[in-house]
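The values are calculated or read from the model by the stated rules, or taken from the named source; none is laboratory data. All values derive from a computational prediction rather than experimental measurement. For neighbour counting, all protein chains shown are included, and Cβ atoms are generated from backbone atoms with ideal geometry for every residue, glycine included. These area figures cover heavy atoms from the full protein model, side chains too; ligands, DNA and RNA do not enter into them. Shrake-Rupley method; radii C 1.70, N 1.55, O 1.52, S 1.80 Å.
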Amino acid sequence: MNIQETKSIVLADYLQSLGVVPCKRQGNNLWYYSPFREEKEPSFKVNLSRNEWYDFALGRGGNILDFVMEQHGTDSVSHVLQIIAGKAPAIAPAGSFSFRPHESLPAFEDIHIQTLSNPALLQYLQERNIRIPFAEQVCKEIHFTANGKRYFAIGFENDLGGYELRNKYFQGCLSPKGITGIKNGNDTCCVFEGFMDYLSYLALKEKHHPGNPNIVKERDYIILNSVANLPKALDIIESYEANYCYLDNDKAGTRAWLAISDRCGVKASDQSVHYRGYKDLNDYLCGRKMEQTQQKKRGMKL
């Protein structure tokens, strides 16, 4: 997809693909509970005629590209285009990017949650070097209907009862959006942007300490499920004696680290220094350096 094609997507339909649906309509405006935080009154507006959003609490808004940049904490247009294209399987048949009219805005339907066992999902985890026993402890298999078509994905539950959804071709969530805290009774915690980073951390720990049955319980864990959720987690992070932050090596990860460091001071430790040259902990686990990824995107031979 190019920029012009992306901007033609109905923003309300894109939000629907994330499981974000409006709570009311006023004239040509749809109102939502903000997808960037928890709130009791809707403060996120989509103007249907302009196909633009505005978040009154953030004081920011824009088109669909601006939304995805805010959601994922990135200013890379190429990365945003890839993210939006990756949502296509949950919206329309493969190869089609004609989103449904805004008059029809159903959320995900016929949701079924079961034990993680689908071979395609397990293969996807293995391709990312994730240890299946660790994934089985914290992930579910989610089946759902979107626009009359059935899909399935790995589901990672947050503290509000929503799920982050991932498969090889799709990234989204079942509302509500929130952080995930895994408490083991420790006074130290590790902070991750997403659950793939958390599972990558466990795989790396096991690699260096094979056979250790206490790997999972050595620390507490906070998975942000998006750097946009960091404000929801800062008080919890600050309550620990020590915080080990495994954030992405990009501008969004840097901003998140600075916010944590500013709040927690010497109690916070930036662990991304151990995987410089890699975008995130999973790329480090898989040995995919950023320069290699960029070259592949440009179609260059390594």
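Please verify whether residue 248 is outside any strand (DSSP E or B), surrounded by 21 or more Cβ atoms within 10 Å (Cβ to Cβ) and of a type outside the set (A, V, I, L, M), treating the condition exactly as stated.
When the stated conditions are applied, residue 248 passes them.
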statement: Subset of the stretch 159-196, residues open to solvent by less than 10 Å² (accessible area, probe 1.4 Å), touching a strand residue (DSSP E or B) at 6+ places or on another chain (Cβ under 6 Å) and not in a strand (DSSP E or B), comes to 162, 195
- request: Would you tally the residues in the stretch 121-158 being open to solvent by less than 40 Å² (accessible area, probe 1.4 Å) and under 15 Å from the mean Cα position of the chain (by Cα)?
  value: 6
statement: Reported set for the stretch 37-88 where residues are hydrophobic (A, V, I, L, M, F, W, C), under 28 Å from residue 258 (Cβ atoms), more than 14 Å from the chain's Cα centre (by Cα) and at pLDDT 85 or above is 44, 53, 56, 64, 65, 77, 81
statement: Expected output for the stretch 205-220 (first residue in contact (Cβ under 8 Å) with a residue 60 or more places away in the chain and surrounded by 11 or more Cβ atoms within 10 Å (Cβ to Cβ), partner of a type in the set (A, V, I, L, M, F, W, C) and not in a helix (DSSP H, G or I), Cβ below 6 Å, 6+ apart or cross-chain) is 206/215
